[in-house]
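Beneath this line is the structure, given in structure tokens, with notes to follow.
The values are calculated or read from the model by the stated rules, or taken from the named source; none is laboratory data. Note that the structure is predicted; figures quoted are calculated from it, not measured. Cβ placement follows ideal geometry from the backbone for every residue including glycine, while neighbour counts extend to all protein chains displayed.
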């Protein structure tokens, strides 16, 4: 276990490693949703520093782009436009503040009762499965109705990217095992270069040092009401992340600095990052894995990682280079990644031993999956719930409303 008195250069090097581990996922979300990759790096850095201020720099956690918002952002941009989407993303912090207040008032167990595995599992599965068509379109080189990359070329590159990512995740050891996405992107990108589908014109035009293009959020009530319920999933992810890093470090961070402080820090980060146009941020499991692997529990390492992320955001050619990654490269990786998200939801149900022979549990899981994957929408005037948002609200409501049988664990 490391000490906080280690040399500054070593702490900085550890911070650079953390950024490297989190980098792939951090920039992946904006590449998929049309948001600015440079703003994602800036948001991750600023968000992590905000989190550290709120938690008195006690928790070794790094915040990066949240995957839970990929599908909702894509739908929101198509329906209400980018400015309204940014305003809605900033407003998604509302649930974090509510959760932080409830934890402060009623304790941690209240969140677990409101969001048990029978609710969280199917909602997380919907987040992954609802993106299946997006992944397939990207892997086959389609953007909307247009075939951007020849079908055969696109599918071959996607398959190679997917294979490289899977082999790294399964066979690699040490640090490489923590960055299978980066390896997959690197291999797919190299193949794309030989295939001649990489366009470097944006890199040539970009300046070395450049101010990221900040977004201009607008606050559209319909978009906000659509986006706010999506925060349920990352809030649960946050609680799990705090518990996970606590088990790694041997400290109970839900007691000190307190789960209410960590939720507040995450919520403020989501709020502020959304206001300048970055994707919402959340705790990163791969960073927790890196902390466990290295045994370096010093929160200052995360400060260095955040500062490096902010610095990278102002390198114009770097941001332009990220945008040259061909669609099929990301599509191949997404086929694995989105399926993995669904797998995490399934694992949540299995680990909690949720009894699906119970009519009550089966009703909650079934309705949540069908409404979410089917994209059922509900609109009353300007109020609108669609897909993940609607199924998340339904899952919570059904869990609170449906009576538990006398023989089930819910009734005891």
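Odds and ends about this structure:
- In the set (1) touching a residue at least 60 places away in the same chain (Cβ under 8 Å); (2) touching a helix residue (DSSP H, G or I) at 6+ places or on another chain (Cβ under 7 Å); (3) surrounded by fewer than 15 Cβ atoms within 10 Å (Cβ to Cβ), residue 200 fails one condition alone, (2).
- Residue within segment 303-314 that is out of contact with any strand residue (DSSP E or B) (no Cβ under 8 Å at 6 or more places or on another chain), surrounded by 20 or more Cβ atoms within 10 Å (Cβ to Cβ), in contact (Cβ under 8 Å) with a residue 60 or more places away in the chain and not in a helix (DSSP H, G or I) present: no
- Residue identified as at pLDDT 90 or above, part of a loop (DSSP other than H, G, I, E, B) and touching a strand residue (DSSP E or B) at 6+ places or on another chain (Cβ under 9 Å) among 279, 217: 279
- Annotation note: Cβ proximity below 7 Å between a residue of segment 81-92 that is under 16 Å from residue 40 (Cα atoms) and a residue that is at pLDDT 90 or above and outside any loop (DSSP other than H, G, I, E, B) (sequence gap 6+ or interchain) occurs for 86/274; 89/274; 90/271; 90/274; 90/275.
- Qualifying residue in segment 229-243 (condition: over 30 Å from residue 299 (Cβ atoms) and part of a helix (DSSP H, G or I)): yes
- Output for segment 16-44, where each listed residue is within 14 Å of the chain's Cα centre (by Cα) and closer than 20 Å to residue 336 by Cα: 22, 23, 24, 25, 26, 27, 28, 29, 30, 31, 32, 33
- Segment 143-158: number of residues that are under 28 Å from residue 369 (Cα atoms) and either touching a residue at least 12 places away in the same chain (Cβ under 8 Å) or in a helix (DSSP H, G or I) (or both): 2
- Restricting segment 98-110 to residues that are touching a helix residue (DSSP H, G or I) at 6+ places or on another chain (Cβ under 8 Å) and surrounded by fewer than 16 Cβ atoms within 10 Å (Cβ to Cβ), the residue that is modelled with the highest pLDDT is 101.
- For residue 76: the one exception among (1) in a helix (DSSP H, G or I); (2) more than 19 Å from the chain's Cα centre (by Cα): (2)
- Meets criteria (surrounded by fewer than 23 Cβ atoms within 10 Å (Cβ to Cβ) and within 21 Å of residue 243 (Cβ to Cβ)) for residue 63: no
- Count of residues meeting criterion [in a helix (DSSP H, G or I) and at positive phi] in segment 123-142: 0
- Subset of segment 387-404 (residues that are in a helix (DSSP H, G or I) and either within 20 Å of the chain's Cα centre (by Cα) or under 15 Å from residue 76 (Cβ atoms) (or both)): 388, 389, 390, 391, 392, 393
- All told, residue 245 falls short of being crowded, with 18+ Cβ neighbours inside 10 Å and either over 19 Å from the mean Cα position of the chain (by Cα) or free of Cβ contacts under 8 Å to residues at least 60 places away in the same chain (or both).
- As for segment 172-186, it holds no residue that is over 24 Å from residue 14 (Cα atoms) and assigned to a helix (DSSP H, G or I).
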